[in-house]
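A.B. asks: Mind looking over this structure? Questions follow.
The values are calculated or read from the model by the stated rules, or taken from the named source; none is laboratory data. As the structure is a computational prediction, the values presented were derived from the model and not from experiment. Neighbour counts run over all protein chains shown; Cβ positions are idealised from the backbone, glycine included.
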Amino acid sequence: MSIDHLDQSSTASTDNTLREQTIGEAWLAVARLILENGRPEHYDGLPILEVENATLVVSRPDADDALIARFGDQARLAWMRANFVDHQRVEALGGARSYASRFFDYAQTGRDQIAWVIDRLRTDPTSRSATITTFEPLIDTTYIPCVSLLDFWLRRGPGGDQAVELVVYAHSIDFGAKGYGNLTELAIIQRQVADALQRPAGALRFIVKSAHVYDTERAEMQAVLAAAAAS
């Protein structure tokens with residue numbers, strides 16, 4: 001696993017770019033970076049270790065990931081799956097609208113944002129604005145979705161084929177309990193768009209302002225990283 005880690009002055013923001021082949025490798029790499037280099041902070045009053053401005057670049061995103069299947073928690077994966085496919089409100093998030101409702105019924109208007117992306121890229125393969133958001137500012141008065149923006153575009157790969165690449169922005173991601181679930185679901189959405197356009201799926205770039213692990217999960221993640229290193 002490779003990490004490009006650029007240390008700047010204490011008054012400047014730190015940029016961390018991790019380039020991996022798979023989403024499982026990216027999850028373990030960013031978790032290791034957080035545990036080794038993260039700074040103590042708090043999020044919603046809870047203590048965390050945090051790395052600022054992390055960017056995960058996954059060259060071969062595939063939801064069927066062996067590392068996540070082995071080391072991820074199946075109940076947590078199922079919870080995230082429901083968030084991305086079930087239109088019911090998420091009680092664990094204070095009754096917030098699910099990602100599924102935001103994608104396929106934006107702001108309760110019936111607007112299917114994924115279909116819109118597919119139509120936009122099918123109509124104009126050179127588009128640089130096939131961009132959608134999960135943020136519903138007139139509705140989201142308390143909860144702000146962590147994954148805020150998805151930006152799709154067609155990029156020519158090494159083989160010459162135009163692949164669907166996905167750039168994602170998140171204000172914060174918990175890479176102890178939820179991050180691998182986010183990566184899995186984003187890879188599924190990217191594949192859905194690519195299949196609809198009859199294109200391969202290209203790189204997934206995940207930009208996270210606050211990449212963190214809660215103190216309550218540090219020991220668990222350390223055990224996962226030790227087991228992965230020993231395998």
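A.B. asks: Would you point out which residue out of 173, 144, 132 is buried (at least 21 other Cβ atoms within 10 Å of the Cβ), free of Cβ contacts under 8 Å to residues at least 60 places away in the same chain and within 26 Å of residue 78 (Cβ to Cβ)?
C.D. replies: Unique residue meeting the criteria: 173.
A.B. asks: Inside the stretch 76-101, can you point out the residues that are β-branched (Val, Ile, Thr) and buried (at least 18 other Cβ atoms within 10 Å of the Cβ)?
C.D. replies: The answer is 90, and nothing else.
A.B. asks: Being modelled with pLDDT of 95 or more, assigned to a strand (DSSP E or B), closer than 27 Å to residue 124 by Cβ and not small (Gly, Ala, Ser) narrows it down to one residue among 191, 205; which is it?
C.D. replies: 205
Each row is one residue, and each column tells you yes or no for (1) loosely packed, with under 15 Cβ neighbours inside 10 Å; (2) modelled with pLDDT under 95.
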position	(1), (2)
3	no, yes
14	no, yes
22	no, no
27	no, no
39	yes, no
42	yes, no
47	yes, no
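A.B. asks: Quick one: would you say residue 137 is in a loop (DSSP other than H, G, I, E, B), out of contact with any Asp or Glu (no Cβ under 8 Å at 6 or more places or on another chain) and within 18 Å of residue 175 (Cα to Cα)?
C.D. replies: no
A.B. asks: Now for a different question. I need the full set of residues from the stretch 149-170 which are buried (at least 17 other Cβ atoms within 10 Å of the Cβ) and either without any contact (Cβ under 8 Å) to a residue 24 or more places away in the chain or part of a helix (DSSP H, G or I) (or both), in order please.
C.D. replies: 151 - this is the single residue of the stretch 149-170 that is buried (at least 17 other Cβ atoms within 10 Å of the Cβ) and either without any contact (Cβ under 8 Å) to a residue 24 or more places away in the chain or part of a helix (DSSP H, G or I) (or both).
A.B. asks: Which of the residues that make up the stretch 186-231 are of a type in the set (S, T, N, Q) and touching a strand residue (DSSP E or B) at 6+ places or on another chain (Cβ under 9 Å)?
C.D. replies: Scanning the stretch 186-231 gives 190, 210, 216.
A.B. asks: Tally up the residues in the stretch 94-128 that are closer than 21 Å to residue 190 by Cα, among the polar types (S, T, N, Q) and free of Cβ contacts under 8 Å to residues at least 12 places away in the same chain, please.
C.D. replies: Result for the stretch 94-128: 1.
A.B. asks: Is it true that residue 189 is over 16 Å from residue 84 (Cα atoms) and of a type in the set (Val, Ile, Thr)?
C.D. replies: No, not satisfied.
A.B. asks: So if I check each of 222, 198, which one is out of contact with any Pro (no Cβ under 8 Å at 6 or more places or on another chain), under 23 Å from residue 85 (Cα atoms), of a type in the set (S, T, N, Q) and surrounded by fewer than 22 Cβ atoms within 10 Å (Cβ to Cβ)?
C.D. replies: 198
A.B. asks: Within the stretch 210-219, track down each residue that is buried (at least 18 other Cβ atoms within 10 Å of the Cβ) and either among the aliphatic types (A, V, I, L, M) or under 19 Å from residue 23 (Cα atoms) (or both).
C.D. replies: Those that are buried (at least 18 other Cβ atoms within 10 Å of the Cβ) and either among the aliphatic types (A, V, I, L, M) or under 19 Å from residue 23 (Cα atoms) (or both): 210, 211, 212, 213.
A.B. asks: Something else now. Enumerate the helices (runs of 4 or more DSSP H) found wholly within the stretch 29-106, keeping only those where 1 or more residues are of a type in the set (A, V, I, L, M) and touching a Gly at 6+ places or on another chain (Cβ under 7 Å).
C.D. replies: 66-71, 74-85
A.B. asks: Go through the stretch 60-75 and report how many residues are surrounded by 15 or more Cβ atoms within 10 Å (Cβ to Cβ) and either under 13 Å from residue 175 (Cα atoms) or of a type in the set (Gly, Ala, Ser) (or both).
C.D. replies: 5
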